[in-house]
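Here's the structure we're looking at; comments come further down.
Each reported figure results from applying straightforward, stated rules to the coordinates on display, with no laboratory input. In this text the structure is predicted, and so the values were computed from the model without any measurement. Glycine also receives a Cβ, built like all others from the backbone with ideal geometry; neighbour counts cover every protein chain displayed.
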Number of protein chains: 2
Amino acid sequence: MGMIVREFAAEDRDSVRRMLVDCQAFSEEEVRIALDMVEAGLQGDYSLLVVEADGQVQGYACLGRAPLTASAWYLYWICVTPAGQGRGAGRMLQAGAEQLVRAAGGDRIVIETSGRPDYERTRRFYRNAGFAEVGRIPDFYKPADDCMVFCKVLNGGGAT
Amino acid sequence: MGMIVREFAAEDRDSVRRMLVDCQAFSEEEVRIALDMVEAGLQGDYSLLVVEADGQVQGYACLGRAPLTASAWYLYWICVTPAGQGRGAGRMLQAGAEQLVRAAGGDRIVIETSGRPDYERTRRFYRNAGFAEVGRIPDFYKPADDCMVFCKVLNGGGAT
C-alpha cells in the first residue's frame, strides 16, 4: 500500500499546517499551539513523526517523554488529512509512535482528548488501539467539554 | 498571626530553592524543574505566590492557565517549609491561589500528585481544600507510583 512512517523533516511544516486546518478538528488556538510544538520538536523538545502514502504526507504525530516520570510518554498531537482518514494512516502513525516510545525505553503512553460527542470517533480510535480511560476532568476545556485521559501500557519494553 | 500571601519577587529565589530541598518531598529532578518554572514564572509564563509569616517566606505556589481551556488552571507546585507546616501556611497559600485564579476569570483548578502512601498527607490536604479525585493513571511516575488527578470547581467567578 506504499505507506510509511518516518521522522519529521523541516520541509514537512507546510503539509502539517495544511492538515491541521483541513481536518477541521482544531480551533485556531489549537493549530497555533500544535505548530509551536512542531517548531519545538524540530529543536529537539519533542519527537515528531509523519505518515506518508505514495509520497504524500497524510498525517503527523507529536509526542514526548512525560517530565518527572521513569518511562511514561505523552502523545500530544496526532492528525491525519481528510484524504488519509479511513485508510489506516492513523493506525500506522499510532503504531510508529508506540515503536518510537518502546525504542526510547518508554512503557506507557498517555493521551488527553475531549469528551464531546463529536470526538466519539477519536475516542473509539484510541480504545481500539488499546487505550483505557483513566480519568475525566469535568468541563475542563469549557462547559460540557470534559478532558478525558487515556493510557496504554506497552507490552515488552526495549527496542523491537 | 502575621501571615500574608503576596506576589513572588526575584529575591525570593533563594528561599524557594532552600524550601524545595528542605521539605524533602522532591527529587533532584523535581527541584530542578520547579526552579526552571520559577524562572519562567518571573518571565511571565506562570503565576507565582509566596506565603510569609513574620517576614519569613514559608511557602510558594506556581500556577498557570491550562492551555486550550476556557477557564481551567493548573496548580503545578505548592511547597511549604518544614517550619511553616502545620501552621496553616499551606491553606493560606491555597486560598491565595484560588483568589488569583478567580480574579483572572478562572473557574477550576487541576492538580496532579502521587498516589504513593507517603503522599497521603498531601492528598488529604487537597481533599480538605475541596478537591475531588477525577483521574488516576496507574504506574505513571514509576511502578507502584500512580498519578492522581484532582480538580476543584471554584464557586462564584470574577474577582472577590
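Worth pointing out:
- The gain in end-to-end length when the B:Asp145 to B:Gln24 segment is fully stretched comes to 41.8 nm, 0.36 nm per residue minus the alpha carbon separation.
- Estimated purely from DSSP H runs of n ≥ 4, each contributing -39500 (n - 2.57), the mean residue ellipticity at 222 nm for chain A is -9500 deg cm²/dmol once divided by its residues.
- Taking amide H as placed 1.01 Å from N in the peptide plane, A:Tyr76 has its amide H under 5 Å from the amide H of A:Cys62, A:Leu63, A:Gly64, each at least 5 places away in sequence or on another chain.
- Coil-residue trypsin sites (Lys or Arg not before Pro) of the range B:120-156, DSSP, other Cβ within 10 Å capped at 12: none
- For A:Gly130, no residue has an amide H sitting under 5 Å from its own, ignoring neighbours fewer than 5 places away on the same chain, with H placed 1.01 Å from N.
- Amide H within-cut-off set for A:Ser114, under 5 Å, with H built and near neighbours excluded: A:Met148
- Proximal lysines to A:Lys142, defined as alpha-carbon separation beneath 28 angstrom and excluding residues fewer than eight positions away on the same chain: A:Lys152, B:Lys152
- Charge dipole (debye, nearest 20) of chain B; +1 at Cβ of Lys and Arg, -1 at Cβ of Asp and Glu: 560 debye
- Rg ratio (alpha-carbon, reference 2.2 N^0.38 Å) - the range B:3-153: 0.99
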